[in-house]
Every structure is written in structure tokens, then in C-alpha cells.
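Contents: one structure, followed by commentary.
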Amino acid sequence: MLESNAGGKDGVILEARGLTKVFGSGAATVRAVDGVDLTVSRGEIVLIAGPSGAGKTTLLTMIGAVLRPTSGSVRINGHDITSMKESQLPRVRRHWLGFVFQTFSLLESLSALENVEAALNFAGVRGRAARERAKRLLLDMGMGNRLHFMPRVLSGGERQRVAIARAVANDPLLVLADEPTANLDSKHGHDVVVLLRDIAKKQDRSVVIVSHDHRIREVADRVLWLEDGRFKDAGAPAAERLAAAPSAAPPDDQAISLG
Amino acid sequence: MSTANHPLQSVLRLTRARYEVPIARRNLLADKVKFLAALGGVTLAVLLILVVQSLYQGIKHEYASFIDTLPGDAFVAQRGISGIVFSNPFLTRTNTAEVASIPGVKAVHRLYGRMASFQVEGKEVSVYVWAVAPGGVLTPEQERTFPRRGTIIIDRSLAVREGLSPGDVMQYGGNPFVVAGVGPVGNILVAQFGLIHPDDYALLFANPSAKFFLVSLEPGAGADTLAAIARRVPASSVYSREQFLSVAQEPVGDFLPIIRVVVVLSVIVGLALLSLMVYSATIERAREYGIMKVLGASSWRLYGIVLSQSALIALAGFGAGVGLALGFNRVAGDIAPEFVTYIRWQDILAALGVTVGMTLAAAYLPINRVARVDPASVFRA
């Protein structure tokens with residue numbers, strides 16, 4: 001049985017130590033993530049940036065109990081999820097973690113409301129309770145007039161809002177977002193950044209974002225630079241590296257005030 | 001009266017409280033063409049299974065109905081016969097007297113039967129005519145098989161096919177027979193039964209031998225009496241009512257290989273379409289199964305979605321198939337009077353069993369595919 005989402009000791013939600021993922025063997029060995037240490041506290045927004053192929057998504061999936069690390073440990077809410085059985089991990093994902101994807105990843109045959117409701121159903125919330133909560137979350141995301149729309153008729157920004165509502169539906173401790181603005185235009189990208197900030201600061205959840213998008217540094221409490229599977233501390237600060245890196249945002253995208 | 005505690009309301013409340021998003025149903029209905037094709041496949045399979053089986057059972061049922069109306073506790077027949085239509089008449093009046101003299105035998109009724117070609121308004125109509133010569137008093141029910149002289153009782157299928165009704169006249173060798181009744185006499189696909197008076201039968205067919213003896217036994221008479229009958233009549237076998245029914249129905253078993261082939265082909269067609277639908281619905285949504293895994297859906301829940309998809313189509317197809325088969329059962333007699341159908345609840349249950357089997361078989365491969373979906377693949381754009 002999982003404990004309530006009260007957070008670990010000293011407010012630490014996520015603690016990764018020596019996290020390593022090796023793909024392949026022999027001459028084809030690739031160390032996608034190489035001995036990464038990471039601690040994230042309650043309400044904190046951490047942006048992990050880095051060049052393509054740096055291991056950002058691999059790191060995110062290991063933190064998200066989706067991919068087993070080759071070595072190292074991940075503790076969420078004080079529990080070592082790397083030592084858990086495979087059959088225990090779905091429970092970790094549905095109760096402690098929320099996911100936001102680059103490609104939105106909604107279930108295409110379900111309406112916006114049902115997408116959120118289904119995530120609640122997975123966690124054992126059913127019937128009217130699930131429907132009302134899903135409705136409230138979508139209303140909070142400004143999707144009140146799109147509840148029964150199918151994903152294919154929603155804009156990218158609207159789909160991502162539904163995905164964010166789904167991510168927080170089960171009141172997770174930690175929200176993991178993988179390139180959440182990569183497929184959005186300037187305005188919708190801005191909206192998503194604001195929502196992720198609110199999730200952390202108003203709802204007191206931890207948010208780890210993997211992104212190339214320099215706009216996110218505006219809301220991040222910390223920016224970490226991952227390169228060749230390792231966090232780079234030497235040289236220019238991570239935020240400066242990110243600013244210097246090619247942006248995933250549209251060319252006309254300007255710095256956004258997040259007031 | 002307060003309706004607050006009405007059982008139906010309680011059930012509705014419970015259903016609403018446990019309601020979950022019907023992902024399986026939504027997935028299926030997202031591609032209505034495939035859904036309808038699979039539904040049609042299962043429907044066709046169930047329909048064919050039930051129709052073929054109902055024809056088979058219909059003929060067996062006709063034999064059972066016919067034999068039910070005959071008097072007697074034991075049946076004397078030619079040894080080694082299979083069926084009652086094509087066995088030879090071999091029992092003479094001497095045999096009748098000999099059997100009647102055996103202790104424990106109360107009465108010996110003689111059953112005559114043969115195929116005969118009647119004329120109806122210049123048209124030849126084949127009828128398998130039977131006649132019972134009673135050896136004692138018959139019950140009112142048994143007297144149904146004993147029409148008056150110069151009359152014939154014909155099976156309703158024959159009446160429908162030839163447009164005959166009570167009062168019409170059928171000729172045999174210049175002898176007129178008035179249709180005295182139309183009812184469930186017997187219809188075994190290859191022949192429809194008619195009943196005439198035994199004296200008419202004797203006249204038409206020149207004092208024939210009987211095909212069977214229908215022997216009524218004294219109370220307390222048993223195996224010894226039956227053995228004595230078998231000894232007294234050369235080349236005969238003595239059957240109980242149940243055994244005689246089995247012997248009568250034996251030729252129907254010749255249809256079983258055909259029925260099995262039709263059933264197997266039906267199941268193959270139904271299973272193929274169902275499997276194709278469930279498999280393609282799963283493959284097309286493999287990524288969504290990965291998404292659900294990331295969102296924390298347990299493996300069993302995902303298997304349940306696949307199985308529900310299979311079950312939804314299969315059970316809808318089963319319902320439609322049963323409905324169509326029952327409809328066919330109602331109209332078959334009008335369309336083709338020779339086809340007698342009889343749907344038993346056991347056959348519907350068997351079809352349900354086949355449907356459940358198809359459900360599980362069709363879900364097997366997709367479930368294996370879902371089990372292999374790597375949730376990490378969802379993060380690969």
C-alpha cells in the first residue's frame with residue numbers, strides 16, 4: 001500500500017543517486033545516463049535541458065518508474081522504486097506521478113472529459129466522483145466548453161491542457177513533463193508554461209521538465225544541463241547554456257513575461 | 001410508498017457509483033466498418049451453427065414425436081436395422097399370435113409402413129404411409145394414429161408444400177383418401193408421414209407383413225418376457241421405447257459429419273473476423289496501451305480492455321445470431337415446408353459456449369501483444 005501524498009522527509013519528493021542506464025553491449029554499448037544524482041523538493045520546478053541525445057528522456061523515464069536503470073536508485077516520497085517489483089510500479093505511477101508528453105498522448109477514442117476520467121478510474125476513482133473531479137480539473141484548465149470534444153478536433157494547446165489535467169488528476173507528488181511545449185505555437189506554449197508553474201507553486205507539487213524551450217527557464221527554480229548522460233556543472237551556468245542553445249520555440253517567439 | 005429503497009434504484013446507484021469510462025466500447029466504435037464486419041462474422045457463425053443444429057434436432061424431434069404416439073412398451077424389429085423408414089416388413093400374422101401367447105404380453109399392435117405415391121389433381125405426391133393395427137384397446141392419444149377408413153391424416157409440412165387441407169382428396173391406385181386431418185405426424189426431410197386405417201393399408205398393399213410389433217406388457221413383466229419374444233421371432237431384436245427411438249434416429253446421425261463441417265467452418269469464419277478486428281484494434285492502438293501503462297493502468301486492466309472488446313463483439317454477435325436463428329425457425333416452415341427446425345436451449349447454450357471460446361481465442365494474441373508494449377516507447381516522439 002502506498003502512503004498518502006504527503007511528501008518525503010525534509011520536503012524531498014525525488015532523490016536519484018548514481019542513476020545509470022546502459023543500452024547495448026560490447027562495442028555497441030551506449031551509456032545514455034551516467035551516474036546522475038538529482039534531488040527535487042516539494043513545490044520545486046526543475047528544468048533539465050541539454051542537446052538532443054543527451055539522455056534527458058531516458059533520465060525522465062527512469063525517474064518515472066517506466067524504465068529500469070542499469071544501476072543507481074530512485075526514491076520517490078522516501079521509497080526506493082528501483083527495488084520494487086515490476087507489478088508494484090503501475091501503482092507508483094498512478095498515485096505519485098503525473099506525466100505530460102511532447103505529443104500530448106491522449107486516448108483518441110475518448111473525449112477530453114473521458115481522458116481525464118479514465119486516469120482517475122485507473123486509480124480506483126469511479127462514477128460521479130471521477131466525472132466531477134475530471135470536470136473541475138478541465139474547468140480549471142479553461143476547457144469548460146470543450147469537455148465532450150474528441151482530441152482530434154482540439155488544438156495542440158487544448159490537447160496539452162487536457163493532458164496536464166490528466167497528469168494532476170490523481171493528485172501526484174511529482175509531475176514529469178517531456179518537451180511539453182515542443183509541438184505548440186508561441187501562445188499555447190506560453191499557456192502550458194503558466195499551467196506548469198501553477199501546478200508547482202499553487203498546488204505545491206514538484207515538476208521536472210525536460211525541454212529545449214528556453215521560455216521554461218523563466219519559471220524554473222533550477223536549470224540543469226545534461227550532456228552525454230551527465231549533468232555539467234563546469235563552465236557557464238546551465239541557464240546560460242540553455243539560452244545559447246538553439247530554441248525549440250518558433251523563430252518569432254519572444255521572451256515571455258509570466259507575471 | 002417511498003421509492004427511495006426500490007431495488008432497481010439501488011442497482012442503478014451502484015452501477016453509477018462503479019461506472020468507468022468504457023474504453024473498450026469506445027475503441028470498437030471508433031471504427032464502425034470493422035466492428036460491423038466482425039459482428040457480422042460472429043452473427044453468421046452463431047446463425048449457421050444454430051440453424052444446422054436446429055434442422056438436425058428437428059428431424060430427431062419428429063421421430064421422437066411419431067414414436068411417442070405409438071402404443072406399446074417394447075418394440076420388435078428386424079435385427080440390425082438402422083432407422084425405421086428403410087427397414088423391411090418381416091413380421092407375419094403367425095408371429096403376432098406367437099408373441100401374443102408369451103406370458104407377460106398383454107397385446108401386440110402391428111405397425112405397417114411404406115413409401116407410396118398418391119395423386120393429387122394429377123400431380124404425384126410422395127407420402128410415407130403408416131398404419132397401426134391395434135392388438136387391444138388404445139388410449140385416446142394413441143387413437144390419433146388410427147384414422148377412419150377412406151381417410152388419411154397428413155403431416156402439416158406435406159399439407160403446406162402441396163396446398164392440402166382437410167376435405168381434399170388424395171388418390172392411390174384409384175382409391176380416394178379424404179384428408180381427415182393435418183398435424184405433426186412426422187417429417188424427416190426425405191419423407192413426410194401420413195396415417196391411414198390398417199384395413200385400407202392391407203387392401204392397398206395386399207395383406208403385407210408388419211414392419212414392427214408394438215408390444216404392450218402386463219404389469220411386472222420384464223427382461224424374461226423380452227428375451228422370450230426375441231427367441232420366438234427369428235432374426236429380430238426387441239427394444240425398449242428409448243432404445244427404439246435411438247434406432248429410429250440412427251440415420252439422422254449420417255448428417256452429423258456434414259453438421260460438424262458446417263459448424264467448424266462457421267467457427268473459423270467467425271473467429272477469423274473477430275480475431276482480425278480485435279487484433280487490428282489492438283495493434284492500431286498499441287501506443288495508447290503504452291500511454292495507459294505509463295498512466296499506471298495495471299496489466300490486468302489492459303488485458304480486460306482487450307478481452308472486453310472481444311466479448312462485446314462476440315456477445316452482440318451471439319445475440320444477433322440467436323435472434324436471427326429464432327426468426328428463421330419461425331419462418332422456415334413457410335419457406336421450405338420440408339425443413340423442420342427445433343431449437344433447444346441446450347443448443348443455444350452450446351452456441352454460447354462456442355462464442356465464449358471464440359472470445360477467448362480472439363483475445364489471446366492481442367493480449368500477448370499488449371503485454372509486450374514497452375511504456376517507455378511512448379516517450380519516443
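Summary table
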item	result
Qualifying residue in the stretch A:29-46 (condition: within 16 Å of the chain's Cα centre (by Cα), within 14 Å of chain B (Cβ to nearest Cβ) and crowded, with 18+ Cβ neighbours inside 10 Å)	no
Residue selected from the stretch B:235-256 under the condition farther than 19 Å from B:TYR56 by Cα and of a type in the set (A, V, I, L, M, F, W, C), by the criterion nearest to the chain's Cα centre (by Cα)	B:VAL238
The stretch B:286-305: number of residues that are touching a residue at least 40 places away in the same chain (Cβ under 8 Å), of a type in the set (Lys, Arg) and out of contact with any helix residue (DSSP H, G or I) (no Cβ under 6 Å at 6 or more places or on another chain)	1
Search result, residues across the stretch A:85-107 that are among the small types (Gly, Ala, Ser), touching a residue at least 12 places away in the same chain (Cβ under 8 Å) and either on the phi < 0 side of the Ramachandran plot or more than 7 Å from chain B (Cβ to nearest Cβ) (or both)	A:GLY98
Residue under evaluation B:GLY72, criteria (1) more than 14 Å from chain A (Cβ to nearest Cβ); (2) part of a helix (DSSP H, G or I); (3) touching a residue at least 12 places away in the same chain (Cβ under 8 Å), criterion not met	(2)
Yes/no for B:LEU164 being assigned to a loop (DSSP other than H, G, I, E, B) and more than 24 Å from B:PHE75 (Cα to Cα)	yes
Pairs where the first residue, in the stretch B:93-110, is over 15 Å from B:PRO71 (Cα atoms) and the second is in a loop (DSSP other than H, G, I, E, B), C-beta under 6 Å, 6+ apart	B:ASN95/B:VAL233; B:GLY104/B:GLU218; B:GLY104/B:ALA221
Selected residue [in contact with a strand residue (DSSP E or B) (Cβ under 6 Å, 6 or more places away or on another chain) and surrounded by fewer than 18 Cβ atoms within 10 Å (Cβ to Cβ)] from B:GLU218, B:GLU284	B:GLU218
Subset of the stretch B:278-292 (residues that are small (Gly, Ala, Ser) and at the interface with chain A (Cβ under 10 Å from one of its Cβ atoms))	B:ALA281, B:GLY290
Contacts under 8 angstrom Cβ, first residue in the stretch B:207-224 being under 23 Å from B:PHE90 (Cα atoms), partner assigned to a loop (DSSP other than H, G, I, E, B) and aliphatic (A, V, I, L, M), 6 or more apart	B:LYS211/B:ILE84; B:PHE212/B:ILE84; B:PHE213/B:VAL233; B:LEU214/B:LEU70
Given (1) over 11 Å from A:LEU47 (Cα atoms); (2) out of contact with any helix residue (DSSP H, G or I) (no Cβ under 7 Å at 6 or more places or on another chain); (3) within 13 Å of chain B (Cβ to nearest Cβ); (4) not hydrophobic (A, V, I, L, M, F, W, C), index of the condition A:ASP198 fails	(3)
Test set (1) touching a Pro at 6+ places or on another chain (Cβ under 7 Å); (2) within 13 Å of chain B (Cβ to nearest Cβ); (3) of a type outside the set (Gly, Ala, Ser) - A:ASN121 fails condition number	(1)
Breaking point among (1) part of a loop (DSSP other than H, G, I, E, B); (2) over 18 Å from B:LEU302 (Cβ atoms), for A:GLY157	(1)
Criterion violated by A:GLU117 - all others in (1) farther than 22 Å from A:ASP191 by Cα; (2) at pLDDT below 95; (3) part of a helix (DSSP H, G or I) satisfied	(2)
Number of positions in the stretch A:160-186 that are among the aliphatic types (A, V, I, L, M), facing chain B (nearest Cβ under 10 Å) and assigned to a loop (DSSP other than H, G, I, E, B)	2
Hey, B:THR341 part of a loop (DSSP other than H, G, I, E, B), farther than 30 Å from A:ILE63 by Cα and β-branched (Val, Ile, Thr) or not	yes
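Here's the yes/no breakdown for (1) at pLDDT 85 or above; (2) of a type in the set (Ser, Thr, Tyr):
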site: B:ARG16; (1), (2): no, no
site: B:LEU39; (1), (2): yes, no
site: B:VAL42; (1), (2): yes, no
site: B:SER54; (1), (2): yes, yes
site: B:GLY80; (1), (2): no, no
site: B:VAL85; (1), (2): no, no
site: B:PRO89; (1), (2): no, no
site: B:GLU98; (1), (2): yes, no
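The values are calculated or read from the model by the stated rules, or taken from the named source; none is laboratory data. Worth saying up front: this structure is predicted, and the values here are computed from it rather than measured. Positions of Cβ are backbone-derived with ideal geometry, glycine not excepted, and every protein chain shown enters the neighbour counts.
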